[in-house]
Amino acid sequence: MRNGIISKIISGESAAVSETDCNDYVTNILPGLIQNYSEQDIFNFDELGLFFKCLPDRTLTFKGKPCHGGKKSKERITVLLGANMAGTEKSKLLVIGKYQKPRCFKNVKSLPVQYEFNKKAWMTSQIYEAFLHKMDKKFVNEKRNVLFFFDNCSAHPKILQKTLNAIKIIFFPPNMTSKLQPMDQGVIKNLKHHYRKKIMQRHLRKLELNEAITDVNLLDCIHMLYSSWEAVSTSTISNCFRKAGFREGDVVEEVFEDIPEEWLEYQRKHSDINISYQEFLDIDSTLSTSESLTDAEIFKTSDILNEPETDSADEAIDEEEIAIVKPFIRGAQAENYVHELRRYVQQQSGVSDKIFSALNILGSFIENTSNTKQKQSKMSDFLLS
């Protein structure tokens, strides 16, 4: 606490974790569960809650002031992430928001993540089921039998195991996930480290260019999350599996996030920031990602949760999607942008061949899609003439 101001975390509970029970699980139970699977075929998945617009100066509330509901609930999402024990295969992020068609998605037909929605921006049993069946189909096609580790929560119904062909699901014992789940040993924190770094970069860039400071919208968030997930390294993931006890006898290195230069620069430009980088990183660390329900309650509320969110007058004012929608970009414009990118890259020293190759791939993609649309337009004109 500093000057009567505190940093609060919304919701979430922490039950006592028995070190004895965890050690017993790692020593006597876990080896038997994974012994018939390779490191490439053992996965852990977990949800995280994210205040996706949060900047350091927005993490504080005054002491005694309630921190629930209201506008904060509109600024949160849930993200499902997962990877294999070897750290060589990361799943496509599943992002859960509140709205079926956010305004910032206008003209958007492809995303680098899977997007779902419901009124609470929570994981639900329906979203979980659809995710599992999609992943099961993938592994059936790859002719792989895999092991998925999940935590115990009401959004992860055990009965779904009967509907899967390539996936076997193991649920961690209750109240032990904070110690046993690899994603909780540093993977989620590392993802948030990269995301928070990018959101500060965005803010500082706008200040440098003397541009208006606008809120991050959901589309901005998705692209920064995708880039952040790409930045989580193979070694970080495999090390977190070690820390969770999935490898016996290995030396565990702590996952540590250096304080980024962006944080120091942000503090220089905002002298009133009175929190540490760690507090900024952990502001949503215990944010709920699903509701604690009985089986009967799940069936009663699942349909309601998955109804499309409708806009009200208040939501239209509060919601980040009221930001100006970017105009549609035509092929010729996109080609010019790539040309400018090439010019920028050429001005830098020590650029790898991979960068030039990526620019060529991007240029070819734009050229092909532009030509396809031109042909479709000409065919439409011919048929109408």
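The values are calculated or read from the model by the stated rules, or taken from the named source; none is laboratory data. This structure is a prediction, so every number in the text was calculated from the model and none was measured. Counting neighbours? That spans all protein chains shown, and the Cβs are built from the backbone with ideal geometry, glycine included. Keep in mind that these areas ignore ligands, DNA and RNA; they rest on the heavy atoms of the full protein, side chains included. Shrake-Rupley method; radii C 1.70, N 1.55, O 1.52, S 1.80 Å.
Quick look at the numbers
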read-out: Test result for S235, in a helix (DSSP H, G or I) and modelled with pLDDT of 95 or more; value: no
read-out: Filter result for K143 (on the phi < 0 side of the Ramachandran plot and surrounded by fewer than 17 Cβ atoms within 10 Å (Cβ to Cβ)); value: no
read-out: Close pairs from region 148-170: first closer than 16 Å to D184 by Cβ, partner open to solvent by 60 Å² or more (accessible area, probe 1.4 Å), Cβ under 8 Å, at least 6 apart; value: F148/K168; N152/P174; C153/S292
read-out: Filter result (crowded, with 16+ Cβ neighbours inside 10 Å and without any contact (Cβ under 8 Å) to a residue 40 or more places away in the chain) within region 96-126; value: I96, Q114, E116
read-out: Residue that is hydrophobic (A, V, I, L, M, F, W, C) and open to solvent by less than 20 Å² (accessible area, probe 1.4 Å), where the choices are M200, M176; value: M200
read-out: Scope region 100-158; condition in a loop (DSSP other than H, G, I, E, B) and β-branched (V, I, T); matching residues; value: V108, V113, T124
read-out: Qualifying positions in region 203-224 - farther than 22 Å from K106 by Cβ and either buried (at least 22 other Cβ atoms within 10 Å of the Cβ) or among the acidic types (D, E) (or both); value: E208
read-out: Tally, over region 73-97, of residues that are in a loop (DSSP other than H, G, I, E, B) and modelled with pLDDT under 95; value: 1
read-out: Hits in region 265-310 (condition: of a type in the set (G, A, S), buried (at least 16 other Cβ atoms within 10 Å of the Cβ) and at pLDDT 50 or above); value: S288, S290
read-out: Selected residue (criterion: nearest to N84 (Cα to Cα)) from residues of region 238-258 that are modelled with pLDDT of 90 or more and open to solvent by 50 Å² or more (accessible area, probe 1.4 Å); value: R242
read-out: Any hit, region 193-211, residues being touching a strand residue (DSSP E or B) at 6+ places or on another chain (Cβ under 7 Å) and either under 30 Å from N23 (Cα atoms) or touching a residue at least 40 places away in the same chain (Cβ under 8 Å) (or both); value: no
read-out: Residues being outside any helix (DSSP H, G or I) and surrounded by 11 or more Cβ atoms within 10 Å (Cβ to Cβ) - total across region 331-371; value: 1
read-out: Residue match in region 65-72 (condition: on the phi < 0 side of the Ramachandran plot, modelled with pLDDT of 55 or more and not aliphatic (A, V, I, L, M)); value: yes
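Every residue, every condition in (1) among the aliphatic types (A, V, I, L, M); (2) in contact with a Leu (Cβ under 7 Å, 6 or more places away or on another chain); (3) within 19 Å of Q181 (Cβ to Cβ), yes or no:
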| site | (1), (2), (3) |
| --- | --- |
| I77 | yes, yes, no |
| K92 | no, no, no |
| V113 | yes, yes, no |
| A121 | yes, no, no |
| L132 | yes, yes, yes |
| K137 | no, no, no |
| K143 | no, no, no |
